[in-house]
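Below is one structure, written out as structure tokens; the observations come after it.
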Amino acid sequence: MKSPSRAASFLVLVAAACASVPESARESAAALPPPGPFVARRRAIDVEHYALALALDPVARRLDGTARVRFWPIAGAAAIEYVELDLDGLEARRVLDRAGRALVFRQDAGVLGITLAAPLEAGTFEELAIEYGGTPVKGLWFADDERGVPTQVFTQGECEDARGWFPCVDDPSDRATFELVVDVPKSWTTLSSGVRVERVERGERATEAWRMDFPHPPYLDTLVAGEFATKSGAWEGVPLAFLADPRWAAELEPTFAVTGDVLALFSRLTGTRYPYVKYSQACVAEFPFGGMENVSATTITDTAIGDERFRRDAPMDGLIAHEAAHQWFGDLLTCADWSHIWLNEGFATYFTALWTEHAKGADEYAVALRRAQEANVAGDVGAKRRPIVWDVCRQPMDLFFTGHAYPGGAARLHLLRCLLGDDAFFRGLALYVGQNHGRSVVTEDLRVALEAASGRPLADAFRQWLESPGHPELRVTWRFADGRVRLQVEQVHATDGGVPAAFRAPVEVELALGEERRVETVELRERVQTFEFDCAEAPRWVLFDARGALPKRCEDVKRGAEWLAILEGCDRAPFRLDALAALAKAVPDAKGDERARLWTAIRRAAREDRCASVREAAIPALAEFRDANARAELSALASSDERSAIRCAALDALRPQGPDAELARFARAQYDAAWSWNTMAHAAALFAAARPAGAFAWLRDERAKDSPHGVLEAQLVTALGASADPTVPASAVRAELLRTAFDESEHEGVRASAVNALAGRVAKETALARELLGLLDARGHRLRQAVIRALGANPDRAVRAALRARWDRAPLALERHVIQEALERRPTEP
């Protein structure tokens, strides 16, 4: 259900947003369509079934076929004589009804309007056969190999791109069953939703048939086809399939090894066993996102798969968990409209954190939620401040990328878990899933289920934390006197734009009294509150919001001794992170015993903390000592830690102020050890900094090393752009980066890294910016996005006009969103 105050909230927030966007950015963005409440077109029909028969021609990059669409008038509707389907970029050639009669139709602005031969009465159905074809401009993509030959095809329907490959009612609330028969080259295999019915080979072509009997929205329909290696498995009788380019055949099983455990965990947490006939995960080239949760058949970018060194840097477990969670939250239950997209993405993000809790423990879960909260509040500022449930956009995809749907949604679920307790919260989630199996859902459906499970009214909590903009900004202080702790909490956030004057929630406060950890619960409800606790002694620390329940900004005023006690003795990982950040600032001025105690505590955290994220965070604090002992500790971590992220952080922390032959030798040794691709890259950057003379030529030569998706070369290009080689003029570095950016033989990620390395120059050099305009239409979405972001910093009117023109022709909603952000930035003045 949409908030009744949505229209008023929109006007208030737009006014606040306009005041916060720089005038120059408003001028650039003024030519874009203004954002407004997203309203889906009213439909007269309810589609029951789609049946596609398609032929793919990879050489011509086209598809041709017939779509059969069976539908009924929507409940309660009068007889209908005219129907509309979405079809964009492909040509409808003929439309027949189920009696074989040719129907009158017309196409305009992505809509296929069809006049029926006779009125369709309520309670009766019609089935249309639509012959269509062409070269898709969105929705279905041909991916090339290194020779420029299409060897893979994939579809991507979210949010409104299913219409780019078949005629449909392209709305998340319209659920239908689906079948697909597709004709492809004989060497290809295909993958779609549901079960493969058959494969028939004839000459140089093959036909495969798929059927999915569970109703779902069109954006979750999928086709993947091409030259793939496939590995099969099973989880409790459910067939599993993993697909990738044949070069990655040996890496499929170790990459996807956690899939069964993830499905088992989510089945238990939701109270609903994985609900489909199979689960497949296909890695495809040129995929524009990390992954897409097509029903029973997830598509994943092939840049997420690699060798053992690659997995040490970036295991796919989190991505596997996120997309698997969507099989429940997004597929089994789907947001009724895009204003409730947090019910898809917030749940998937939160369940990824629950997988982290299961696999790595409570500390890493707590850190994951802290990071989600930080990402949410970082995006909830200025023009982007809005509620979690929100429908104001230029296009639905805009609602995905402000930090609200993903981390903001996850942060609210964590808050609800803390508010209700684990038992009621997870019973409520199971009830929510069970009651809404196969349905479109809105936020109220979740509230109703949680209220039923907990017996608690939640309307006020949902209104405040999900339907109101903003988040609490707090200043927290405490003092001990006369056997009593007085804790003062001030809510200091601005209240314009509909932000609540005072956020309300129960909050846990932890007091460390000797070895005792005493937890009190206070009720946050006013702008300024003082809470008092009787204590026999001064606490070693006082933690406000000890469970980290609230998505917030918080100035937590503490003395150094308290932060040190927290680092040494607190069992809550996020507060140890806070302590390290605070203590790092104290190190440079610390003397004598204070410095020695800081050294002992920070060194122990870097070496021994049970939470790897805390150990990683200790490294910058360790580097602040800037002495031989710190250098030795950092060197040991850089060369021997079991985690790539910690090795890389230590290598970065060793970065010298000038030439350093000893450090150069160490960096080269770590590079040659080749423990992982990222550690090699960070060691190379350290080597270039420690021995700058000749670094440019060395980095350029090392780019010849092969790595998965050019991941090493891309980082070497970044290091090359930052190198301070005194033997090479800046113009030569610029020329090498520009050559790389335009070199079509390079990996796309390498080219994007070259553009990123040029970004600082692009902001100031209009001639360079205009040269990069030649890449706005380049193949490769990541490259184009890097170019767009770089160009967004340049104030030249011609550059910004070119970005605006690209917005009109960009086929990907994601790319249009990046252009919008670039045009709304404050460009660097010349």
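The values are calculated or read from the model by the stated rules, or taken from the named source; none is laboratory data. Worth saying up front: this structure is predicted, and the values here are computed from it rather than measured. As a convention, Cβ positions derive from the backbone with ideal geometry for all residues, glycine included, and neighbour counts pool all protein chains shown. With ligands, DNA and RNA removed, areas are computed over all heavy atoms of the protein, side chains included. Shrake-Rupley method; radii C 1.70, N 1.55, O 1.52, S 1.80 Å.
Quick check: anything in region 348-359 closer than 25 Å to Asp571 by Cβ and of a type in the set (Gly, Ala, Ser)?
yes
Considering region 113-150 alone, what residues qualify as being in contact with a Lys or Arg (Cβ under 8 Å, 6 or more places away or on another chain) and either under 17 Å from Val169 (Cβ atoms) or modelled with pLDDT under 95 (or both)?
Scanning region 113-150 gives Gly113, Phe125, Glu126, Glu127, Leu128, Ala129, Ile130, Tyr132, Gly139, Asp144, Pro150.
Quick check on this structure: which one of Val489, Val448 is hydrophobic (A, V, I, L, M, F, W, C) and without any contact (Cβ under 8 Å) to a residue 40 or more places away in the chain?
After applying the criteria, what remains is Val448.
Could you tell me whether region 118-125 includes any residue that is assigned to a strand (DSSP E or B) and aliphatic (A, V, I, L, M)?
yes
Take Asp496 and decide whether it is open to solvent by 50 Å² or more (accessible area, probe 1.4 Å), within 37 Å of the chain's Cα centre (by Cα) and not polar (S, T, N, Q).
When the stated conditions are applied, Asp496 passes them.
Pull up region 128-149, narrow it to residues that are under 25 Å from the mean Cα position of the chain (by Cα) and open to solvent by 40 Å² or more (accessible area, probe 1.4 Å), then point me to the one that is nearest to Asp88 (Cα to Cα).
This residue is Val137.
Kindly check whether there is at least one residue in region 490-498 that is modelled with pLDDT of 95 or more and part of a strand (DSSP E or B).
Within region 490-498 (the criterion being modelled with pLDDT of 95 or more and part of a strand (DSSP E or B)), the answer is yes, since at least one residue qualifies.
On the given criteria, is Val448 surrounded by fewer than 15 Cβ atoms within 10 Å (Cβ to Cβ), closer than 24 Å to Phe425 by Cα, modelled with pLDDT of 95 or more and among the aliphatic types (A, V, I, L, M)?
No.
May I ask you to list the residues in region 503-517 that are closer than 16 Å to Trp541 by Cα and not in a loop (DSSP other than H, G, I, E, B)?
Glu508, Val509, Glu510, Leu511, Ala512, Leu513, Glu516, Arg517, listed by residue number.
Out of contact with any helix residue (DSSP H, G or I) (no Cβ under 6 Å at 6 or more places or on another chain) and either at pLDDT 95 or above or over 27 Å from Asp161 (Cα atoms) (or both): is that true of Pro246 in this structure?
Against the criterion (out of contact with any helix residue (DSSP H, G or I) (no Cβ under 6 Å at 6 or more places or on another chain) and either at pLDDT 95 or above or over 27 Å from Asp161 (Cα atoms) (or both)), Pro246 qualifies.
Give the residue that is surrounded by the most Cβ atoms within 10 Å (Cβ to Cβ), with candidates limited to residues of region 150-171 that are acidic (Asp, Glu) and out of contact with any Gly (no Cβ under 6 Å at 6 or more places or on another chain).
Among them, the one singled out is Asp170.
Wholly within region 306-384, which helices (runs of 4 or more DSSP H) include no fewer than the required count, namely at least 1 residues that are closer than 21 Å to Leu577 by Cα and open to solvent by 30 Å² or more (accessible area, probe 1.4 Å)?
Passing ranges, in order: 342-360, 362-379.
Among the residues that make up region 594-604, is at least one of them open to solvent by less than 60 Å² (accessible area, probe 1.4 Å) and within 33 Å of the chain's Cα centre (by Cα)?
Checking region 594-604: at least one residue is open to solvent by less than 60 Å² (accessible area, probe 1.4 Å) and within 33 Å of the chain's Cα centre (by Cα).
Which is without any contact (Cβ under 8 Å) to a residue 40 or more places away in the chain, surrounded by 13 or more Cβ atoms within 10 Å (Cβ to Cβ), part of a strand (DSSP E or B) and within 40 Å of the chain's Cα centre (by Cα), of Gly113, Gly65?
Gly113
State all residues of region 208-249 that are closer than 18 Å to Gln156 by Cα and free of Cβ contacts under 8 Å to residues at least 60 places away in the same chain; if no residue qualifies, say none.
Matches in region 208-249: Trp210, Leu243.
Go through Ala264, Ala225, Ala234, Ala257 for me and flag whichever is open to solvent by 10 Å² or more (accessible area, probe 1.4 Å) and in contact with a Leu (Cβ under 9 Å, 6 or more places away or on another chain).
The conditions single out Ala234.
Could you look through region 708-744, keep only residues that are in contact (Cβ under 8 Å) with a residue 60 or more places away in the chain and on the phi < 0 side of the Ramachandran plot, and pick out the one that is most open to solvent (accessible area, probe 1.4 Å)?
Only one residue tops the list, namely Val711.
Answer yes or no as to whether Leu791 is buried (at least 18 other Cβ atoms within 10 Å of the Cβ), closer than 19 Å to Ala754 by Cα and in contact with a helix residue (DSSP H, G or I) (Cβ under 8 Å, 6 or more places away or on another chain).
Yes.
Return the total of residues in region 173-207 being without any contact (Cβ under 8 Å) to a residue 60 or more places away in the chain and in a strand (DSSP E or B).
12
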